[in-house]
1. Just checking, does segment 185-196 include any residue being within 22 Å of VAL35 (Cα to Cα) and open to solvent by 10 Å² or more (accessible area, probe 1.4 Å)?
2. Could we say that PRO235 is under 30 Å from THR24 (Cα atoms), in contact with a helix residue (DSSP H, G or I) (Cβ under 7 Å, 6 or more places away or on another chain) and of a type outside the set (Lys, Arg) here?
3. If I filter segment 99-124 down to residues being touching a strand residue (DSSP E or B) at 6+ places or on another chain (Cβ under 8 Å) and open to solvent by less than 30 Å² (accessible area, probe 1.4 Å), which single residue comes out as nearest to ligand 1 (Cβ to nearest atom)?
4. Considering every residue within segment 161-179, establish whether at least one is among the polar types (S, T, N, Q) and either within 16 Å of ligand 1 (Cβ to nearest atom) or in contact with a Phe, Trp or Tyr (Cβ under 6 Å, 6 or more places away or on another chain) (or both).
5. Looking at segment 217-235 only, could you name the residues that are surrounded by fewer than 17 Cβ atoms within 10 Å (Cβ to Cβ) and more than 16 Å from ligand 2 (Cβ to nearest atom)?
6. For segment 165-182, give me the residue count where each residue is crowded, with 18+ Cβ neighbours inside 10 Å and part of a loop (DSSP other than H, G, I, E, B).
7. Looking at PRO207, PRO267, PRO272, which is the one that is away from ligand 1 (no atom under 13 Å from the Cβ) and either modelled with pLDDT of 95 or more or under 26 Å from PHE36 (Cβ atoms) (or both)?
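The values are calculated or read from the model by the stated rules, or taken from the named source; none is laboratory data. Quick caveat: nothing in here was measured; it's all calculated off a predicted structure. Because the Cβ atoms are built from the backbone with ideal geometry, glycine has one as well, and the counts that use them run over all protein chains shown. The protein model used for the area step is the full one, side chains on, heavy atoms only, and it has no ligands, DNA or RNA in it. Shrake-Rupley method; radii C 1.70, N 1.55, O 1.52, S 1.80 Å.
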Amino acid sequence: MTAQSIDTPYEDLLADVLENGTLTTDRTGTGTYSVFGRQIRYNLAEYFPLVTTKRVHFKSAALELIWFLNGDSNVKWLQERGVRIWNEWADEDGELGPVYGVQWRSWPAPNGESIDQISQVMESLAQNPGSRRHIVSAWNPGQIDEMALPACHAMFQFHVQPEEDGPGKLSCQLYQRSADMFLGVPFNIAEYSLLTMMMAQQLGYNPGEFVWTGGDVHIYTNHVDQAREQLARKPYPYPQLRFRRKPKDLFSYELEDFEVIDYQHHPTISAPVAV
Ligand SMILES: Nc1nc(=O)c2c([nH]1)NC[C@@H]1CN(c3ccc(C(=O)N[C@@H](CCC(=O)O)C(=O)O)cc3)CN21
Ligand SMILES: O=c1ccn([C@H]2C[C@H](O)[C@@H](COP(=O)(O)O)O2)c(=O)[nH]1
């Protein structure tokens, strides 16, 4: 693959926000350049979209995804594995309230039972691939007030495209209501791409596309220099993702099951996170 043919939807969007973003005051008091309503897509059949124009810590992203799938809402599990990205939002016991993992695995139903949305969507993808209802929502209006941070990656949908000579291609579209382009989004792209590939492996589908849709897409004012530095870099071809084994179900993956092959990347660029 030549440098000219590398897809760079993330970098293109970063440039778009720098160019077209409006200076906006935000909850954290930092200030952002913000646009509203954007979409990017990656072809998971060809590569794994780990951004190459800076180092993205795949290990942290993969562990955060496993933590969501565990249904966890306490940062201790992450901290024990060296992942500190949620520390600022946790209370003294490490609790975040009913955030992503809780809504994914045990959404409280009106009858007092709880709904495992992930297991239900796996079931519907296996039994009824043509359905247009393969949806998981982390946005639970009844519990927003109890969450340390209301879900940013708020809802996602899967889709199976039939293939003539194959099992079908599994795609995922995420709606992210609020998107920190410099720190959060490279993680979010890696996580949902990985989730889609794990689900494809479990269900016997081929990977299709990851489609990312953003609501308030922003660059914090104290990330502008970092974003410019990143955009001055030449992208590398993306790595590939391979599974070392096929775990017995979607909830049994461990970090060691993922192998990121040929991840060529530019150096880390540090930036402060807005709390
Ligand atoms: N303002 C803001 N942006 C976010 O992206 C964000 C939040 N808040 N709050 C909740 C979570 C926490 N997230 C975070 C928090 C920190 C990093 C971060 O500091 N990343 C560094 C180092 C990561 C590492 O090595 O583990 C990076 O360079 O990507 C990333 C995502 C994503 N979310
Ligand atoms: O996975 C995540 C989690 C959070 N973010 C960002 C988006 C915003 O910059 C903040 C959340 O602030 P709100 O005031 O609740 O919108 O966190 C992200 O990009 N990705």
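1. So far as segment 185-196 goes, yes, one or more of its residues are within 22 Å of VAL35 (Cα to Cα) and open to solvent by 10 Å² or more (accessible area, probe 1.4 Å).
2. Values: under 30 Å from THR24 (Cα atoms): yes; in contact with a helix residue (DSSP H, G or I) (Cβ under 7 Å, 6 or more places away or on another chain): yes; of a type outside the set (Lys, Arg): yes.
Criteria met by PRO235.
3. Filtering segment 99-124 for residues that are touching a strand residue (DSSP E or B) at 6+ places or on another chain (Cβ under 8 Å) and open to solvent by less than 30 Å² (accessible area, probe 1.4 Å), the one nearest to ligand 1 (Cβ to nearest atom) comes out as TYR100.
4. Step one: filter segment 161-179 for residues among the polar types (S, T, N, Q), giving 161, 171, 173, 176, 178.
After this cut, where a residue has to be either within 16 Å of ligand 1 (Cβ to nearest atom) or in contact with a Phe, Trp or Tyr (Cβ under 6 Å, 6 or more places away or on another chain) (or both) as well, the list is 176, 178.
Yes, that holds for at least one residue.
5. ASP225, ARG228, GLU229, LEU231, ALA232, ARG233, LYS234
6. Summing the residues that are crowded, with 18+ Cβ neighbours inside 10 Å and part of a loop (DSSP other than H, G, I, E, B) in segment 165-182 gives 2.
7. Working: PRO267 fails: away from ligand 1 (no atom under 13 Å from the Cβ); PRO272 fails: away from ligand 1 (no atom under 13 Å from the Cβ).
After applying the criteria, what remains is PRO207.
Results for (1) open to solvent by 50 Å² or more (accessible area, probe 1.4 Å); (2) among the charged types (D, E, K, R), shown as yes or no for each residue.
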{"site": "PRO239", "(1), (2)": "no, no"}
{"site": "ARG242", "(1), (2)": "yes, yes"}
{"site": "GLU256", "(1), (2)": "yes, yes"}
{"site": "VAL260", "(1), (2)": "no, no"}
{"site": "PRO267", "(1), (2)": "yes, no"}
{"site": "ALA274", "(1), (2)": "no, no"}
